[in-house]
Amino acid sequence: MKKPLIVQKFGGTSVGSIERIHQVAEHIINAKNAGNQVVVVVSAMSGETNRLLDLAKQIDSVPDARELDVLLSAGEQVSMALLAITLNKMGYTARSLTGTQAKIVTDEQYNDATIKHIDVQPIIELLAQDQIVIVAGFQGITESGDITTLGRGGSDTSAVALAGALQADECQIFTDVDGVYSCDPRIVKDAHKLEVIDFPTMEAMARHGAKVLHLPSVLHAWKNQVPLRVLSTFDVNQGSLVKGDECTLPVCGLAIQRDMCLIKAEKETLALLQKQSRLLGIAIWDVIEHPEWLAVVVKQDAYSKLELVLQGKVADCLPISLLTAVGANTAELATLSQQLLVDNDIVTIHQKFDEQSFTIALCPESVDSAANLWHQAYITPNKAHDCLQKHAFLN
């Protein structure tokens with residue numbers, strides 16, 4: 001009888017020290033002893049990617065994209081080797097593989113590559129030898145042989161893509177939090193853990209700034225219907241299970257994006273700004289056509305690239321934050337929420353609707369207060385109903 005196959009992913013804080021790597025090894029051994037085949041994906045040790053990026057920026061504020069990927073991919077290789085050494089020392093045969101060795105093939109979009117396909121044969125052969133396979137997350141290789149990285153949080157995507165390609169029974173994402181919450185519990189004290197969350201809701205929350213899961217990882221899991229479980233490396237619990245295709249609650253959760261900026265532009269400059277953003281691979285969240293001014297909203301780290309290319313044709317950027325409500329009926333939230341914010345002296349700069357979300361742009365100093373107001377008004381009262389829905393979904 002074929003053994004169940006589990007893919008486990010461990011983030012940077014989980015492998016942030018030798019002591020924590022030993023804790024990770026215990027999780028892996030427990031899964032192995034329970035009769036599973038185990039494939040592990042690891043991130044770089046916490047702070048390592050930033051350290052490498054800072055080194056590059058000491059040389060060039062906008063480093064060559066290809067060489068930056070070569071540099072940043074080294075972080076995960078350290079983690080995978082240390083974990084393999086640990087498991088072998090503990091008596092469990094383990095083999096580490098880089099993205100190249102695992103044959104994770106991507107497109108050529110350096111720094112933010114997309115996985116095209118994975119040749120799982122090398123991993124299957126190692127599993128057949130009863131080995132634990134450890135794969136460096138966040139990285140792959142182009143058809144022409146260049147190393148690429150998948151963008152921030154890309155190890156989640158590596159794990160889910162591998163789980164889909166290997167037809168794994170479950171993909172487990174181990175982090176420093178114990179699941180997916182209705183909002184960041186550090187910001188909203190009433191936020192509650194979602195025992196089960198559907199793929200559309202998780203996709204929308206990840207797209208709008210919730211940092212528990214990397215957006216492409218959710219899309220991969222949804223497309224391949226891979227059950228995705230978010231767990232804590234440091235606590236024993238069932239975490240949050242992501243599965244299913246239907247959102248039932250009017251408002252399921254809130255997501256916050258802080259790293260955004262608003263760039264005002266003259267009418268004749270706006271088209272150039274949009275064109276350069278496309279050429280540089282910069283995503284424009286929205287174009288704002290205010291009666292008195294025009295602007296685009298992008299991530300703050302994109303501003304330096306645009307400023308360099310456009311050479312003074314764009315004004316200084318205004319830092320802003322985005323707050324997004326996600327659920328099946330966020331359209332009705334718009335009018336009510338606007339009045340709620342006005343009553344509490346919170347000014348909205350812009351608002352935008354998507355199929356399953358409603359987003360407002362506001363000053364960074366107001367976003368935490370707005371999140372607490374929305375959560376208390378639209379999510380906390382539905383908690384009891386939410387529990388009933390989750391139990392029904394589980395059954």
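Brief remarks on what is shown
- Criterion (hydroxyl-bearing (Ser, Thr, Tyr), surrounded by 14 or more Cβ atoms within 10 Å (Cβ to Cβ) and at pLDDT 95 or above) met by exactly one of Thr114, Thr93, Thr106: Thr106
- Wholly enclosed helices (runs of 4 or more DSSP H) of the range 9-77 bearing at least 1 residues under 20 Å from the mean Cα position of the chain (by Cα): 48-59, 65-72
- Selection of the range 45-59 for residues being loosely packed, with under 15 Cβ neighbours inside 10 Å and β-branched (Val, Ile, Thr) yields only Ile59.
- Asp112 falls short on exactly one of the conditions (1) over 26 Å from Ser14 (Cα atoms); (2) touching a Gly at 6+ places or on another chain (Cβ under 9 Å), and that condition is (1).
- Candidate set: the range 113-132, residues that are in contact with a Ser or Thr (Cβ under 8 Å, 6 or more places away or on another chain) and in contact (Cβ under 8 Å) with a residue 60 or more places away in the chain; chosen: the one farthest from Val212 (Cα to Cα): Ile132
- Condition met for Thr359 (in contact with a helix residue (DSSP H, G or I) (Cβ under 8 Å, 6 or more places away or on another chain) and not in a helix (DSSP H, G or I)): no
- Residues satisfying the stated conditions in the range 321-356, i.e. in a loop (DSSP other than H, G, I, E, B) and either touching an Asp or Glu at 6+ places or on another chain (Cβ under 9 Å) or among the acidic types (Asp, Glu) (or both): Ala328, Asp345, Glu355, Gln356
- Residue count for the range 208-228, restricted to those that are buried (at least 19 other Cβ atoms within 10 Å of the Cβ) and either over 15 Å from the mean Cα position of the chain (by Cα) or charged (D, E, K, R) (or both): 1.
- Exclusive hit being surrounded by fewer than 20 Cβ atoms within 10 Å (Cβ to Cβ), charged (D, E, K, R) and modelled with pLDDT of 90 or more, set Asp368, Asp316, Asp301, Asp354: Asp368
- Within the range 265-281, the residues that satisfy the criterion of being under 30 Å from the mean Cα position of the chain (by Cα) and crowded, with 19+ Cβ neighbours inside 10 Å are Leu273, Ser277.
- The number of residues in the range 246-273 being hydroxyl-bearing (Ser, Thr, Tyr) and under 24 Å from His214 (Cβ atoms) comes to 0.
The values are calculated or read from the model by the stated rules, or taken from the named source; none is laboratory data. If you're wondering where the values come from, they're calculated on a predicted model, not measured in any experiment. Cβ atoms come from the backbone with ideal geometry, glycine included; neighbour counts cover every protein chain shown.
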